[in-house]
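All of the numbers you see were taken from the coordinates with simple rules; none came from a lab. The structure displayed is predicted, hence computed values, not measured ones. A quick note on method: Cβ atoms are made from the backbone with ideal geometry, for glycine too, and the neighbour counts reach across all protein chains shown.
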Ligand SMILES: C[S@@+](CC[C@H](N)C(=O)[O-])C[C@H]1O[C@@H](n2cnc3c(N)ncnc32)[C@H](O)[C@@H]1O
């Protein structure tokens, strides 16, 4: 059981599982040679990159952050009590799978309503008995809702509709146990990405995976929470990137969509990250919500280091003044 690799236990918009092979080429040399021991991921989502790094390299500690407090609660429950979470999920999925499709849909909406109703009663700071049930609901709703989207309305209610899958796998207890083991080195925090700057130590690698900048008006999903991640947010993040890059020994990697996929004159990120190393990777996600434009599209990776063995610091931050 211990030999099987831990993998994301949630479907997540912008999940990076399919890009890991390409990312490997761009991870800093110090991570590969074991000199980097601390890993920070301020936009955790389904954790694909953390799971990969924590199983392949010698990470002694990790700081994992996401603004979605129910997501972080779920990780914390897994970290503390994977057994009880598996039991709760077993009950939930047995009930669900025993129903016919109409009743499944009804059960989904009832669970969604309970999930939203209970929210004001949840103390997100203190582990308590409500957490286990809530974490099970997060996983259940994620696997049975439309496309695994964690979408919220302005009130902060989860409002993704039923996914109409015939027989979805809701959880894999063995994987949850493996994930739980990996999370033992991690400190989990719900909050804004800027709190990442309080967790630095020497020899740190930070990977930023913010919500994609939409390629056009109909594409892409940025509503992971009631807060929108617009261009001002991308600029606020770039300021943090610049600030951190001045910190000795911090290696930074950031990914986003390449606006040039849709408009070859849109150099938003080239301007924003001028002075850093910008590389391209290819992704097979679709640009358009109707799937008409499926095919490989370009994504950008911004690094503040070179990829050779001396991992030279690359930083010429004058250009950010353009945006401030
Ligand atoms: C593109 S997803 C990350 C995907 C992740 N790398 C994976 O493989 O699943 C972006 C994440 O950023 C989170 N987020 C959005 N705004 C944020 C903010 N201001 N601070 C921290 N996290 C934020 C969202 O909740 C979402 O989980």
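Want the number for residue 153 to residue 312: 0.36 nm per residue separation, take away the alpha-carbon distance, what's left?
Gain on stretching residue 153 to residue 312: 52.8 nm.
Eigenvalues of the Cα gyration tensor times 5, then square-rooted: what semi-axes does that give for the range 29-99, in whole angstrom, largest first?
On the way: eigenvalues 195, 35, 23 Å².
The answer is 31, 13, 11 Å, longest axis first.
Give the whole-number value, in cubic angstrom per residue, of the convex hull volume spanned by the C-alpha atoms of the chain.
Values: hull volume 45.2 nm³, N = 324.
Expressed per residue, the convex hull around the Cα atoms of the chain is 140 Å³.
Rg and Dmax of the range 156-268 over Cα atoms: what are they, in angstrom?
18.1, 52
Please work out the FRET efficiency for the pair residue 99 and residue 174, using the Cβ-Cβ distance as r and a Förster radius of 22 Å; give the result to the nearest 0.05.
Working: r = 25 Å, r/R0 = 1.15.
Efficiency, from the Cβ-Cβ distance: 0.30.
What FRET efficiency comes out for residue 284 versus residue 129 if R0 is 45 angstrom and r is the Cβ-Cβ distance? Round to the nearest 0.05.
Efficiency computed from Cβ-Cβ geometry: 0.60.
As a check on your grasp of the helix formula, calculate [θ] at 222 nm for the chain: sum -39500 (n - 2.57) over DSSP H runs of n ≥ 4, divide by the residue count, round to the nearest 500.
-10500 deg cm²/dmol
What shape does the range 71-172 take by its C-alpha gyration tensor, where a ≥ b ≥ c are the square roots of the eigenvalues and a/c under 1.5 counts as rounded, a/b above b/c as prolate, and the rest as oblate?
oblate
What is the extension gain from residue 55 to residue 230, computed as 0.36 nm multiplied by their sequence separation minus the C-alpha to C-alpha distance, in nm to one decimal?
On the way: separation 175, 0.36 × 175 = 63.00 nm, distance 3.32 nm.
Answer, rounded to one decimal: 59.7 nm.
Any idea how far apart residue 216 and residue 166 come out in nm if each label point goes 7 Å out from Cα toward Cβ?
3.3 nm
Over the range 71-172, what is the relative contact order in percent, taking alpha-carbon pairs closer than 8 angstrom and at least six residues apart?
In percent, rounded to a whole number, it is 33.
Based on the mean of other Cβ atoms within 10 Å per residue, sort peptides 71-78, 94-101 so the most packed one is first. Please report the intermediate quantities before stating the final value.
Numbers: 71-78: 22.0, 94-101: 11.8.
Output ranking for 71-78, 94-101: 71-78, 94-101.
So between residue 114 and residue 87, what do we pick up on full extension, going 0.36 nm a residue minus the alpha carbon distance?
Working it through step by step, the gained length comes to 7.8 nm.
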